[in-house]
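Take a look at the structure below.
The values are calculated or read from the model by the stated rules, or taken from the named source; none is laboratory data. Worth saying up front: this structure is predicted, and the values here are computed from it rather than measured. FYI the Cβ positions are ideal-geometry reconstructions off the backbone, even for glycines, and counts take in every protein chain you see. SASA here: full protein model, heavy atoms, side chains in, ligands and nucleic acids out. Shrake-Rupley method; radii C 1.70, N 1.55, O 1.52, S 1.80 Å.
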Amino acid sequence: MNISHQVLEDEQDTADFHRFSHGLYIGGQWRQSADSREIQVVDPSTEAVIAAVPDATIEDAAAAVEAAAKAAEGWRTTAPRKRSEILRRCFELMTQRSETLATLISLENGKALRDARGEIAYAAEFFRWNAEEAVRITGEFGMAPSGTNRIVVDYEPIGICILVTPWNFPAAMATRKIAPALAAGCTVILKPASETPLTAYALAALYQEAGVPPGVVNVLTTSNPGPVTAALLADPRVRKLSFTGSTGVGRVLLAEAAKHVVSCSMELGGNAPFLVFDDADLDAAVDGAMVAKMRNAGEACTAANRIYVQSRVYDAFGECLARRMSALKIGAGTDAATECGPMITRKAVDKIDRLVNDAVTRGARVLCGGKAGSGTGYYYPPTVLCDVPAEAEMAHEEIFGPVAPISRFETEADVIARANDTEYGLAAYIYTRDLARGMRVASKIEAGMIALNRGLMSDPAAPFGGVKQSGLGREGGQHHGIAEFMEAKYLAISI
């Protein structure tokens, strides 16, 4: 693996970065792919190739399952306290090396360093949270209604888990799955996005240092995810698939998993509405919109995708948001002054440009931004559109970029209907000073997560997930996240 390290020369933990990966991570060992092919990793800020990682084959996938199976019995029978201590050590190491890891994310993903630092803190917290939950997995005990026997319910690790994660949060999407799976006693195979594999390999080395036994966590990168994932799911020892990504890919994976009756957790696409009522604190609403829209430059499934503002405050909100958005500094993610980094690929920029042009053609007005850059790097400027019509493509398709589309509404009933007019149901945002209205509207919005007078909702202590075609199951939360990686076993005991 050849990697440019210039951006990390001043980091205290540079040595750890240099040794983080020597290939695929299988059974605690670093190895090249079976056919020695590689995937190039590109810095989206410069379009320069910064690394080459192994391109896993079906043969490598089989080796990963074998390693996970070999480690399974030892890990599932490891005392919960011991598992907890290892997870806690993962948290501590991530925290100690947060600046190095954040810089690595900014380098391969392009996100602003401030966002990358926030991601590392968030990602590490999944290890701390699940370290605490690992020792609190309990069963149930009761009397059968007939009075003839006791009912005992035990919870056991579900088995080998395939974890498929996206490029937009390369650390957090991995730890949000790995931490509860390990806390439950499962072994895992992580397939990170080929655009951002370096963070996954850096963390694999960190897990090893923290004491995670060989084979408990395995990492495969591949440019051929369909056949490789299908081969993983076809192995009868694999019992769980946890996927974060688009709804379209989720449908394909669900169909593949169904062939083998593999349990699935799916965190899929979003089309989040952001509702601003005319009694809202306008400054707070704009602050919240900046967070909900511009976290990771809009490349987030929870990003505010459709902003609905009530008529009385419509113009003022749009003007204020455009002023804030146009003032953001655009630049390379590794530049500490950057507030909006590049998109992940040229294809992503082209999609955003298509959606903006479609909305403008249909009558939307550009308050700021609206044109893709022509220089080096995959940049798109922070953009605010007003008067976006309901028939615009961006009203029904994830933008996944720094574009804030604003539409006017008049009544509560009208905006609820428009907010629910989508196949998605992941997240929603509501701003109003009237708590009764906020709770009433929240109860009618079809979404798995709702932020009331807040622009940020993600928390390891809360269940993350959606309804409708935004997914199945939950990640995080007091017991929800671990429960996804466990099976209930019922014992009937005569008395």
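One table, with the values for the structure above:
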{"quantity": "Residue in the range 28-36 that is of a type outside the set (Phe, Trp, Tyr), closer than 29 Å to PHE485 by Cβ, at pLDDT 95 or above and surrounded by 21 or more Cβ atoms within 10 Å (Cβ to Cβ) present", "calculated": "no"}
{"quantity": "Pair list, Cβ under 7 Å, 6 or more apart: the range 237-251 residue touching a residue at least 60 places away in the same chain (Cβ under 8 Å) and under 17 Å from ALA68 (Cβ atoms), other residue open to solvent by 40 Å² or more (accessible area, probe 1.4 Å) and among the small types (Gly, Ala, Ser)", "calculated": "ARG239/SER263; LYS240/SER263"}
{"quantity": "VAL261 being open to solvent by 30 Å² or more (accessible area, probe 1.4 Å), more than 27 Å from ARG37 (Cβ to Cβ) and outside any helix (DSSP H, G or I)", "calculated": "yes"}
{"quantity": "ALA337 vs. criteria open to solvent by 20 Å² or more (accessible area, probe 1.4 Å) and over 24 Å from VAL276 (Cα atoms)", "calculated": "yes"}
{"quantity": "Hits in the range 37-68 (condition: open to solvent by 50 Å² or more (accessible area, probe 1.4 Å) and within 27 Å of ARG237 (Cβ to Cβ))", "calculated": "ARG37, ILE58, GLU59, ALA62, GLU66"}
{"quantity": "Test: residue in the range 419-433 that is closer than 27 Å to CYS368 by Cα, assigned to a helix (DSSP H, G or I) and touching a residue at least 40 places away in the same chain (Cβ under 8 Å)", "calculated": "yes"}
{"quantity": "Filter result (touching a residue at least 24 places away in the same chain (Cβ under 8 Å) and of a type in the set (Phe, Trp, Tyr)) within the range 23-41", "calculated": "TYR25"}
{"quantity": "Residue selected from the range 420-437 under the condition of a type in the set (Asp, Glu) and either in contact with a Lys or Arg (Cβ under 7 Å, 6 or more places away or on another chain) or closer than 23 Å to LEU282 by Cβ (or both), by the criterion most open to solvent (accessible area, probe 1.4 Å)", "calculated": "GLU423"}
{"quantity": "Per-region count, the range 270-285, residues surrounded by fewer than 24 Cβ atoms within 10 Å (Cβ to Cβ) and closer than 22 Å to PRO389 by Cα", "calculated": "2"}
{"quantity": "The range 89-103 residues that are over 15 Å from GLU209 (Cα atoms) and without any contact (Cβ under 8 Å) to a residue 40 or more places away in the chain, paired with ones that are surrounded by 21 or more Cβ atoms within 10 Å (Cβ to Cβ) and not polar (S, T, N, Q) (beta carbon under 9 Å, 6 or more apart)", "calculated": "SER98/ILE120; SER98/ALA124; ALA102/LEU113; ALA102/ASP115; ALA102/ALA116; ALA102/GLU119; ALA102/ILE120; ALA102/ALA171"}
{"quantity": "Looking only at the range 69-125, and only at residues there that are within 18 Å of the chain's Cα centre (by Cα) and either among the basic types (Lys, Arg) or modelled with pLDDT under 95 (or both), the one that is surrounded by the most Cβ atoms within 10 Å (Cβ to Cβ)", "calculated": "LYS111"}
{"quantity": "Test: residue in the range 209-218 that is open to solvent by less than 10 Å² (accessible area, probe 1.4 Å) and at positive phi", "calculated": "yes"}
{"quantity": "Filter result (within 28 Å of SER45 (Cα to Cα) and small (Gly, Ala, Ser)) within the range 64-107", "calculated": "SER98, ALA102, SER106"}
{"quantity": "Index of the failed condition, ALA483 passing every other in (1) buried (at least 18 other Cβ atoms within 10 Å of the Cβ); (2) over 28 Å from VAL252 (Cα atoms)", "calculated": "(2)"}
{"quantity": "Residue satisfying all of: in the range 476-495; in contact (Cβ under 8 Å) with a residue 60 or more places away in the chain and within 18 Å of the chain's Cα centre (by Cα); nearest to ALA462 (Cα to Cα) among these", "calculated": "GLY476"}
{"quantity": "Residue check for ALA255: in a helix (DSSP H, G or I), free of Cβ contacts under 8 Å to residues at least 24 places away in the same chain and over 25 Å from ALA300 (Cβ atoms)", "calculated": "yes"}
{"quantity": "Count - residues of the range 295-314 that are over 22 Å from GLU446 (Cα atoms), in contact (Cβ under 8 Å) with a residue 60 or more places away in the chain and open to solvent by 10 Å² or more (accessible area, probe 1.4 Å)", "calculated": "2"}
{"quantity": "Residues satisfying the stated conditions in the range 403-452, i.e. of a type outside the set (A, V, I, L, M) and touching a strand residue (DSSP E or B) at 6+ places or on another chain (Cβ under 6 Å)", "calculated": "PRO405, SER407, PHE409, TYR429, TYR431, GLY438"}
{"quantity": "Any hit, the range 276-295, residues being in a strand (DSSP E or B), modelled with pLDDT of 95 or more and under 23 Å from the mean Cα position of the chain (by Cα)", "calculated": "no"}
{"quantity": "Unique residue being surrounded by 22 or more Cβ atoms within 10 Å (Cβ to Cβ) and either of a type in the set (Gly, Ala, Ser) or in contact with a Cys (Cβ under 7 Å, 6 or more places away or on another chain) (or both) when the list is ALA359, ALA327", "calculated": "ALA359"}
{"quantity": "Hey, ALA193 within 20 Å of PRO170 (Cα to Cα) and in contact (Cβ under 8 Å) with a residue 60 or more places away in the chain or not", "calculated": "no"}
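Matching residues to (1) open to solvent by less than 60 Å² (accessible area, probe 1.4 Å); (2) polar (S, T, N, Q); (3) more than 25 Å from the chain's Cα centre (by Cα):
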residue: VAL349; (1), (2), (3): yes, no, no
residue: THR376; (1), (2), (3): no, yes, yes
residue: GLU393; (1), (2), (3): no, no, no
residue: SER407; (1), (2), (3): yes, yes, yes
residue: ALA413; (1), (2), (3): no, no, yes
residue: ARG418; (1), (2), (3): no, no, yes
residue: MET439; (1), (2), (3): no, no, yes
